[in-house]
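Working notes for the structure below.
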């Protein structure tokens, strides 16, 4: 018999209640208990001892039945693994970063570490996970809305600065996956935190009709060899600092070509919500395109201004949208437009990042946004203690 | 703060508690323990004590006000019940090493090895009391958990007690649950620690050390019962560092003090238990929460007038900010403890002094300038809001008249309200002329005595 000492990854409120009791009731009402037959059935301790011939198999079976996974196998959050994760930060394991909406489990450093272990993070990724969790707990992220809406929105994590390369967070070929452990595990850790500490269980709490693959992970780094100032430098950080920036992304839309194609996709993916609530979107520009634009004298601001000017929809189209009549307070730049109108309030609402393979058949991406309030949240990543020089 | 809000809510008045950032977790737990888990709090960033007026204003208007509005206008969420193991439920099976690791990792031990509380061991403890295992001795904040005889036995086993200590353990938890003691304050930031004093025949019966090294570990009854006290605060009341126990430093639990009753009898002095109203010859425990203590070494002299000034000085210099329990916060609740070695007590008794005479002389000598007293409560600290003078407190009925007998700021005032507030115990090396003095935490751990009742069998 093998004994695994695992830290329970599920959410406990400041008052001591476990969010699983609420989740079991919601899952039962929604007829979803077949997915999580053991929801709420676990010892109410910090640490549980799982004994089995194959401990890893048993922890996986238990956690899946209790509703603590995203459907993929997890790494058991054993005490040594969780402790190794916590050792990369100066914060105490009991430090509370905040409460994760909507069920408000406390995001303690240790609970986040348990979920990071489960997601497959190496200890040195943990400061990135902590910074990303801090970002999604910022009220501007609107965690309650993201977790409960019927839309399929997911957090998009963009890592910028020298730590990205040192941690192996991919910014090049296949930056949006698959294939790189850091991108896969860091994004997944944030999702597990949302599931296990916030209680965003599909169908029971999260009413997103379809979900999206980006809800498993959606994390990339910015290339350091781009022709323009890096994202974190644009946002006022020093070049030697590293940051994670979080946006609310509806999906990733692939764009082959250049800026004209991006503008065309932006127009066809125009969102009434984004116009109404000053949504902030992201455009990933392939290095080949970025370099050519820079050679012609374009700055990032020029790119944003051009996309903002070119990505337009007919006013008549806006008038036919259902939200047009439902929502009362449309901003002036929408109601006062004639002929066509831009799909965003202003150029600054476009986050431009250089990433992806350096190919002459450039692959770009557009990330439309959802919801309110305007969201582009950046947090500095602390260098992991003792693990890298 | 939360307790005041709870009282207001119970009276039908909506409340919001302004809570400094570092206390949010404690506030949530306390609110749940009070039975009002949705009691609203509004955060004040940082700690108010180290902010300028401008910083505080910016924090309150930038952050706190919105929390106040939210707390007073939003409908609180419905609360649900906590799930806990059933009484007598087996929570773990494993080797002794595994049991120790499991208890430690789940926050049920103090970091030292525990004796596994097996059903058989708990049963053996329960045989040493007539009380039913499920009898409730009280309900303890902050977790509002029922203090049952069974949980007394379980924590007694874990602490390394012997089964025959059970009547003492039960009496201690009755004292802990007595509202006069105020266990709910045990997580406050000065982090004072309780001293248990034992009196009566139980001292010899259970083998308490009351001679040389009376406050030293090394004697099972004194040591394990002291540890039991803190394990019970952790596991039943629910005081956990980094959560509900906000002691800035804290200190470890205190070894139990037993009095030298042979010496007291020979001198015809009363015991602590008798001073607290118990009958002579009755076994009893007295608990009192002390902020700290110090030794008064080499008390020199053959006559009281040589000895009293030094002993009184020890009390006067140890009771510093704690004067807020003498006046202001809780009037007349400061009860410092002077522990005299038998030879010191006997020297005083030989001069014809009763314990009460000694208390009176100490009261006369343990005095400090009024200006210093006022600095402790509202000059160097902000412990008494509005920075009142002693005259103002006397006028408001929040201090005894003895504190305002003249307008001279250098007049000498006592550090306790009355002579009998100075507790005197006799213990320690019978032949060494040292004393020990403790300053008291007032109503936040007020002196409380309970009889120890042995089983009929």
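Before moving on, here are some points about what is shown:
- Only one entry of B:82, B:126 meets the criterion of being surrounded by fewer than 21 Cβ atoms within 10 Å (Cβ to Cβ) and away from every other protein chain (no Cβ under 14 Å), and that entry is B:126.
- Members of region A:323-352 found to be part of a helix (DSSP H, G or I) and either free of Cβ contacts under 8 Å to residues at least 40 places away in the same chain or not assigned by TED's automatic domain parsing to the domain that holds residue A:266 (or both), listed by number: A:325, A:326, A:332, A:333, A:335
- Yes/no for residue A:16 being within 14 Å of chain B (Cβ to nearest Cβ), under 24 Å from residue A:109 (Cα atoms), touching a helix residue (DSSP H, G or I) at 6+ places or on another chain (Cβ under 7 Å) and without any contact (Cβ under 8 Å) to a residue 24 or more places away in the chain: yes
- If you go through region B:376-390 and keep only what is assigned to a helix (DSSP H, G or I) and surrounded by fewer than 16 Cβ atoms within 10 Å (Cβ to Cβ), you end up with nothing.
- Among (1) under 23 Å from residue A:248 (Cβ atoms); (2) crowded, with 20+ Cβ neighbours inside 10 Å - the single one residue A:145 does not satisfy: (2)
- Within region A:19-52, considering residues that are assigned to a loop (DSSP other than H, G, I, E, B) and within 14 Å of chain B (Cβ to nearest Cβ), the one surrounded by the most Cβ atoms within 10 Å (Cβ to Cβ): A:39
- Selection status of residue B:333, in a helix (DSSP H, G or I) and closer than 30 Å to residue B:216 by Cα: no
- Qualifying positions in region B:87-116 - touching a helix residue (DSSP H, G or I) at 6+ places or on another chain (Cβ under 6 Å) and more than 14 Å from chain A (Cβ to nearest Cβ): B:87, B:113, B:114, B:115, B:116
- Selection within region A:1-11: residues that are surrounded by fewer than 22 Cβ atoms within 10 Å (Cβ to Cβ) and within 10 Å of chain B (Cβ to nearest Cβ). The member of this set that is nearest to residue A:201 (Cα to Cα) is A:5.
- Residue within region B:60-76 that is more than 10 Å from chain A (Cβ to nearest Cβ), out of contact with any helix residue (DSSP H, G or I) (no Cβ under 7 Å at 6 or more places or on another chain), closer than 30 Å to residue A:1 by Cα and assigned to a loop (DSSP other than H, G, I, E, B) present: no
- Subset of region B:228-253 (residues that are within 14 Å of chain A (Cβ to nearest Cβ), under 14 Å from the mean Cα position of the chain (by Cα) and over 22 Å from residue B:137 (Cα atoms)): B:245
- Search result, residues across region A:162-172 that are crowded, with 24+ Cβ neighbours inside 10 Å and either over 16 Å from residue A:244 (Cβ atoms) or in contact with a strand residue (DSSP E or B) (Cβ under 6 Å, 6 or more places away or on another chain) (or both): A:164, A:169, A:171
- Of the strands (runs of 3 or more DSSP E) that lie entirely inside region A:53-166, those containing 1 or more residues that are closer than 26 Å to residue A:36 by Cα, modelled with pLDDT of 95 or more and more than 14 Å from chain B (Cβ to nearest Cβ) span A:96-100, A:154-160.
- Answer residue from region B:399-422, given it is in contact with a strand residue (DSSP E or B) (Cβ under 8 Å, 6 or more places away or on another chain) and not in a loop (DSSP other than H, G, I, E, B) and is nearest to residue B:357 (Cα to Cα) among those: B:414
- Comparison of A:332, A:257 shows that the only residue that is on the phi < 0 side of the Ramachandran plot and modelled with pLDDT under 95 is A:332.
- Residue check, residue B:225 part of a helix (DSSP H, G or I) and either in contact with a helix residue (DSSP H, G or I) (Cβ under 6 Å, 6 or more places away or on another chain) or surrounded by 23 or more Cβ atoms within 10 Å (Cβ to Cβ) (or both): yes
- Test result for residue B:215, assigned to a helix (DSSP H, G or I) and modelled with pLDDT of 95 or more: no
- Scanning region B:7-37 for residues that are within 14 Å of chain A (Cβ to nearest Cβ) and modelled with pLDDT of 75 or more yields B:17, B:19, B:21.
The values are calculated or read from the model by the stated rules, or taken from the named source; none is laboratory data. This one's a predicted model, so the numbers in the text were calculated from it and none came from an experiment. Backbone-built Cβ (ideal geometry, glycine too); neighbour counts: all protein chains shown.
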